[in-house]
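Laboratory data are not the source of any read-out in this text; all were calculated from the coordinates shown. Because the structure is a prediction, the values reported are computed rather than measured. As a convention, Cβ positions derive from the backbone with ideal geometry for all residues, glycine included, and neighbour counts pool all protein chains shown.
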Amino acid sequence: MAVMAQLRTEHYGYTLKKELAGRGVEIDEGTLYPLLRRLESQGLLLSEWREEDKRNKRFYRLSADGKRVLKDLLAEWHSLNASVTRIVGNRSAA
Amino acid sequence: MELLDRYVRVLRLFLPRRQRDDIVREISEEIHEQILDKEMTLGRRLTVDEQADVVGGHGHPLVTAARYRPQQYLIGPIVFPYYWIALKCVLALMLCGHAVSAAVFVSDNLSWRAAEHALEGMAQNVFAVVAWFTILAAVADRWLARSKVLQRWDPRTLMQPVPAGSQAPRLLDVSRYSSTIVKTATGFESPSTTFGLIAAVVLSGWWLLALRYPVLMFGPAAARLDWGPDMHRLYPLLVVTTAVFLTERVARVLWLRQRWLFLVTGWLGPLVGALFVLKVASSEHQWVVWAGPAMSGMVAIGGLTLPLLDFVNRVFGVAFGFAAVVTVLSLVRRGYQWVSSKRDRGVHSAPALCLLLLSGITGSIAHAQSLDEAAIRRILEERIDTTKQSVGIVVGIVTPQGRRVIRHGRFAIGDSREVGPDTVFEIGSVTKIFTAMLLADMTRRGEVSVTDPIVRFLPPDVAARAQGLKTITLADLATHTAGFPFWPSAIPATAEGTAQMASYSVDQLYQFLSTFEAPPDVGRRWMYSNTDVGLLGVLLARHAGSTYEALIESRITRPLGMTSTAVAIAPAMQPHLAAGHTAELKPAGAWNVPALTAGGSLHSTVNDLLAVLAAAGDPTTVAGAAMPGMLAIRRQAPGFQQALGWMILAAGPGEGLLLHDGNTLGFASSMVYDPVSRTGVVVLSNSATSVSDIARHIARPAMPLAAPLLPAPRKTEIAIEPALFDAYAGAYEPGAGAVFTVTREGDALMIQIPGIPKLRLRPESTRDFFVAENTRVTVTFNVDAAGRVTGLLLKAPTGNVPAVRRP
């Protein structure tokens, strides 16, 4: 979900990793790249090879489907989060 | 950067093929940038250790590559628990069975070696069972994943009882017994139908496999025990029963509501059940038979002492009798249910239809199993009275239940004596079975080995000269793969029945051997030869310091009580000797090749040959003890396997039959043995026309009789300038790689057809030729407009064969 959210703007693997790390989500390369491929094969991401700084890079961004799925996921996440907070909050109060 | 190259090279190997290049390109770009980035920050080049850190962050190549693939199971988590329980149950059952029979088995002190042998086989069986279960479970897993069975379910259907009308009768209520067995054996309670299904699948699978692989039932004792003919007859029914039963179970567990399914299981079940009862009732209690040497073990129960085999058969008899009673009861119940359910609706034709169908099936099965005596007699009458192919034919049949003899015709044309079971005939090449039996017997006694080279048995001076024979073994002689011609070169094929054969000596044979050069494919290429088996007889007799005839007498005919089987006609046999006739029913000469008696010189009677065939199934006799050795070596031949002596028919209606035919100048013979039903057939005839088809047809009615023949036509040879023959000489190809070779030998035109001796062709016209020995065989050469010979047409009673001339 974090990866998808980050890909609302276009990134290639390395900058994506750095951005995520900057926001406290550490994800190692051996996990990140296969994950990107899986999301792409599910039609949630679009990718293309493009030249930048004289080097070829594979850029990923969210597809239309991806945007919809992300919205649903975020909604679910928020509701789940709210429930958990309520439960944990109740416990600590007890 | 070298580290990076190494990493991606390894990673590449494990990536999915199609994405490989793309992924590698992306990863190497990324690592590259990561390194450059770090170098920028640090303001210097990275050390090797730092590089390793960066590359290492991408994970072990195997792990990383695996993440690019979808998750894969051979057997998924749903099927796995069932797979595991089933496997454990079957292996436990197998081991129990093995342990019990091993205990019985080793109590017989002779059997350690056989027990060892069977235990070796057990490892393979365990492996096979595991492999099959794994494959089945994987298939089931794929099927479950694809079908919607597990998604489309309704809690209300789960434990609902099956309505009485759609419940198939339980023929052999395997599930009830099996669940009890499984419960006691494993401690599992089995309240659910699902578990019942597993138990049923496991037990049925084991039971059906055990019928194919006796070792699963008998364990180590399988070296000695095998399923008998009754079990083989029952096998198809057991397969159908099991299939019906399992279908019903699966339908119940998955709660399939297909109407046709219950119609099939509901009606096929009772039908098969009725057949089952009939089969059990008509069985001869030959459930289990000896496959190897018999054991002396006795079993004592309740003051009754029985030989082991009888005991085993009684156990099976009781079990099947019980199953038959259960079946009858369930049939009655089923019938009652059916009648009461249909009475209201007034339908009553179906049961009648079923009964009709049932009686039809039983009738046809009974009919297909054997020819009755009247049918056999009609065949003999047709051959002797109508088509004049023979003068007298005697047929003998032996089964485990006894012997029958059917005969027709006379000793000779103009002789009033009728042929019978004691009439003496030349048996021709059926002699080769006796020679092969002698070899197997001497091998079993350790006197010779089938792999011994033949030069070891030749006189030393001959062996020294016969340098070309070193690669030939005794087994090659007995299987016609030694490369020797049909007759040794000093006996021309056209000389059959002449003084050249009668005067041919063993010294001449040795002379022939010392110049013979064995071909490189000894042991592989089959070519029927009298030289092979004739020589085998000479060598065995030499080794035993005796004569072939004396060996046959002391080792085979005397122990088996055969009084009328010999090369030389004994005074007591003389009054019973039938006269030989050519295919045209003219008097024929006697078979006389003293140097090669082992290839075809025995005389015998139907009674004597039946004694051999009856003994073949009894390992306590010389014939039965020799059988495993005779059948252990098999060489590929066209359409059959050549064992020692016996030819074993390949796939087809005659599959598995052992046979040998014989032909002399005035007699024809055929001997067939079915090792599964232990049924043997002998046909002896006193004319040269083959009777092989009769023997095969009696042994397996599905094997057809030869088309009815017209009496052999009378043909007259015309005089032709022999130089004309040169135009016909050459190689002709009938297809399938075979070659007919036509040659001119002096004034004679000869044709060599693979597998039979060279035949002399006699001209009827400038293009039409016939074979004097059998005028039904003709050869017509095709000549084109330019006068060139382009091919030939071979006509024989067995069919017409066109062949194209090789350019």
Are any residues in the stretch B:776-790 surrounded by fewer than 19 Cβ atoms within 10 Å (Cβ to Cβ) and of a type outside the set (Asp, Glu), and if so, which ones?
B:Thr780, B:Asn782, B:Val783, B:Ala785, B:Ala786, B:Gly787, B:Arg788, B:Val789, B:Thr790
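Given the structure, is A:Ser83 in contact with a strand residue (DSSP E or B) (Cβ under 7 Å, 6 or more places away or on another chain) and either in a helix (DSSP H, G or I) or within 14 Å of another protein chain (Cβ to nearest Cβ) (or both)? Reasoning before the result, please.
Working: in contact with a strand residue (DSSP E or B) (Cβ under 7 Å, 6 or more places away or on another chain): no; either in a helix (DSSP H, G or I) or within 14 Å of another protein chain (Cβ to nearest Cβ) (or both): yes.
Against the criterion (in contact with a strand residue (DSSP E or B) (Cβ under 7 Å, 6 or more places away or on another chain) and either in a helix (DSSP H, G or I) or within 14 Å of another protein chain (Cβ to nearest Cβ) (or both)), A:Ser83 does not qualify.
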Which residue, of A:Leu20, A:Leu45, A:Leu73, is touching a residue at least 24 places away in the same chain (Cβ under 8 Å) and either in contact with a Leu (Cβ under 7 Å, 6 or more places away or on another chain) or within 18 Å of B:His58 (Cβ to Cβ) (or both)?
A:Leu45
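Any chance the stretch B:678-686 includes a residue that's surrounded by fewer than 23 Cβ atoms within 10 Å (Cβ to Cβ), among the small types (Gly, Ala, Ser) and either out of contact with any Cys (no Cβ under 8 Å at 6 or more places or on another chain) or touching a residue at least 24 places away in the same chain (Cβ under 8 Å) (or both)?
Within the stretch B:678-686, none of the residues are surrounded by fewer than 23 Cβ atoms within 10 Å (Cβ to Cβ), among the small types (Gly, Ala, Ser) and either out of contact with any Cys (no Cβ under 8 Å at 6 or more places or on another chain) or touching a residue at least 24 places away in the same chain (Cβ under 8 Å) (or both).
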Single match in B:Leu539, B:Leu513 (criterion: of a type outside the set (Ser, Thr, Tyr), part of a helix (DSSP H, G or I) and closer than 23 Å to B:Ile433 by Cα)
B:Leu539
Here are some conditions: (1) over 30 Å from B:Ala137 (Cα atoms); (2) within 11 Å of chain A (Cβ to nearest Cβ); (3) of a type in the set (D, E, K, R). B:Arg69 meets all but one. Which one does it not meet?
(1)
Qualifying residues in the stretch A:26-47 (those that are surrounded by 16 or more Cβ atoms within 10 Å (Cβ to Cβ) and among the charged types (D, E, K, R)) - the one farthest from the other protein chains (Cβ to nearest Cβ):
A:Glu40
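Give the residue, chosen from B:Val8, B:Val63, that is facing chain A (nearest Cβ under 10 Å) and of a type outside the set (Phe, Trp, Tyr).
Values: B:Val8 fails: facing chain A (nearest Cβ under 10 Å).
It is B:Val63.
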Out of all the residues in the stretch B:11-25, is one or more within 14 Å of chain A (Cβ to nearest Cβ) and acidic (Asp, Glu)?
yes
Among (1) part of a helix (DSSP H, G or I); (2) surrounded by fewer than 19 Cβ atoms within 10 Å (Cβ to Cβ); (3) of a type outside the set (Val, Ile, Thr), there is one condition B:Arg696 misses while meeting the rest; what is its number?
(2)
When the residues of the stretch A:11-24 are filtered to those that are in a helix (DSSP H, G or I), under 12 Å from the mean Cα position of the chain (by Cα) and of a type outside the set (Gly, Ala, Ser), which remaining residue is nearest to the other protein chains (Cβ to nearest Cβ)?
A:Lys17
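Among the listed residues A:Arg50, A:Arg58, A:Arg8, which satisfies the condition of being loosely packed, with under 13 Cβ neighbours inside 10 Å, in contact with a strand residue (DSSP E or B) (Cβ under 8 Å, 6 or more places away or on another chain) and within 14 Å of chain B (Cβ to nearest Cβ)?
On the way: A:Arg58 fails: loosely packed, with under 13 Cβ neighbours inside 10 Å; A:Arg8 fails: within 14 Å of chain B (Cβ to nearest Cβ).
One residue alone meets the criteria, A:Arg50.
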Which numbered condition trips up B:Leu62, out of (1) part of a helix (DSSP H, G or I); (2) under 25 Å from A:Trp49 (Cα atoms)?
(2)
Answer residue from the stretch B:628-658, given it is part of a helix (DSSP H, G or I) and surrounded by fewer than 22 Cβ atoms within 10 Å (Cβ to Cβ) and is nearest to the chain's Cα centre (by Cα) among those
B:Leu631
Test: residue in the stretch B:34-43 that is within 14 Å of chain A (Cβ to nearest Cβ), over 30 Å from B:Ala200 (Cα atoms), assigned to a helix (DSSP H, G or I) and hydroxyl-bearing (Ser, Thr, Tyr)
yes
Could you check, for the stretch B:398-412, whether at least one of its residues is within 24 Å of B:Thr597 (Cα to Cα), among the polar types (S, T, N, Q) and either out of contact with any helix residue (DSSP H, G or I) (no Cβ under 9 Å at 6 or more places or on another chain) or in a helix (DSSP H, G or I) (or both)?
no
Please report, ordered by residue number, the strands (runs of 3 or more DSSP E) entirely within the stretch B:730-798 with at least 1 residues that are of a type in the set (Val, Ile, Thr) and over 23 Å from B:Gln389 (Cβ atoms).
B:738-745, B:748-752, B:774-783, B:789-796
Hey, A:Leu74 hits all of (1) closer than 22 Å to B:Arg67 by Cα; (2) more than 11 Å from chain B (Cβ to nearest Cβ) but one; which does it fall short on?
(1)
Residues of the stretch B:76-91 classified as surrounded by 14 or more Cβ atoms within 10 Å (Cβ to Cβ) and either within 14 Å of chain A (Cβ to nearest Cβ) or under 18 Å from B:Phe127 (Cα atoms) (or both), total
7
Are any of the residues in the stretch B:607-627 outside any strand (DSSP E or B), within 17 Å of B:Asn530 (Cβ to Cβ) and in contact with a strand residue (DSSP E or B) (Cβ under 7 Å, 6 or more places away or on another chain)?
no
The correct count of residues that are assigned to a helix (DSSP H, G or I) and surrounded by 16 or more Cβ atoms within 10 Å (Cβ to Cβ) in the stretch B:542-561 is 10
List the pairs whose first member sits in the stretch B:725-736 and is without any contact (Cβ under 8 Å) to a residue 40 or more places away in the chain, whose second member is of a type in the set (Val, Ile, Thr), and whose Cβ atoms are under 7 Å apart, counting only residues at least 6 apart or on separate chains?
B:Ala729/B:Val742; B:Ala729/B:Thr743
